[in-house]
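Below you'll find the structure, written out as structure tokens, and then a few comments.
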Amino acid sequence: LSAPHPPELWASFRGRRLGGRELALPHGYRGVLLREGEPPPGRERDPQERWVTVTGTFEVITEWGADAVPSPAGGLALALQWGPLAHAV
């Protein structure tokens, strides 16, 4: 038996049709949303430093393609396989 394909998503951006597919992040991985902010009080500001705060997390990401749903065997789906592979090596 093959795994069921996630449902296709359709949207438009500036009049262009986009096809999408949701992809789960690999086991043990979590996406984070960051917001850049000011350093804590009393801390000198180094122009090279950036202070960020985690504002949210996600476990699923959507890959979009112009006029078609991206292939489940390429693009972002293929890239998401590298993290666990690199960890194993």
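The selection criterion, being more than 16 Å from the chain's Cα centre (by Cα), open to solvent by 70 Å² or more (accessible area, probe 1.4 Å) and more than 16 Å from ALA79 (Cα to Cα), does not hold for PRO39. How many residues does segment 60-84 hold that are in a helix (DSSP H, G or I), open to solvent by 60 Å² or more (accessible area, probe 1.4 Å) and more than 18 Å from ARG30 (Cβ to Cβ)? Qualifying residue count for the region: 1. The residues of segment 8-36 that are of a type in the set (Gly, Ala, Ser) and under 19 Å from the mean Cα position of the chain (by Cα), listed by number, are ALA11, GLY19, GLY20, ALA24, GLY28, GLY31. When segment 42-59 is filtered for residues that are open to solvent by less than 70 Å² (accessible area, probe 1.4 Å) and assigned to a strand (DSSP E or B), the ones remaining, listed by number, are TRP51, GLY56, PHE58.
For segment 56-82, taking the residues that are of a type in the set (Ser, Thr, Tyr) and under 15 Å from the mean Cα position of the chain (by Cα), the one that is nearest to LEU9 (Cα to Cα) is identified as THR62.
For segment 20-31, a tally of residues being part of a strand (DSSP E or B) and open to solvent by less than 80 Å² (accessible area, probe 1.4 Å) returns 5. Taken over segment 34-55, the criterion of being among the hydrophobic types (A, V, I, L, M, F, W, C) and within 27 Å of SER12 (Cα to Cα) is satisfied by LEU34 alone.
Checked against (1) closer than 30 Å to PRO84 by Cα; (2) surrounded by 10 or more Cβ atoms within 10 Å (Cβ to Cβ), ARG17 passes all but a single condition, namely (1).
When segment 12-48 is filtered for residues that are of a type in the set (Ser, Thr, Tyr) and touching a helix residue (DSSP H, G or I) at 6+ places or on another chain (Cβ under 7 Å), only TYR29 remains.
The values are calculated or read from the model by the stated rules, or taken from the named source; none is laboratory data. Being a predicted model, the structure only gives us computed values, none of them experimental. Reconstructed Cβ throughout: ideal geometry from the backbone, glycine too, with neighbour counts over all protein chains shown. Side chains included, ligands, DNA and RNA excluded: accessible areas come from the protein's heavy atoms. Shrake-Rupley method; radii C 1.70, N 1.55, O 1.52, S 1.80 Å.
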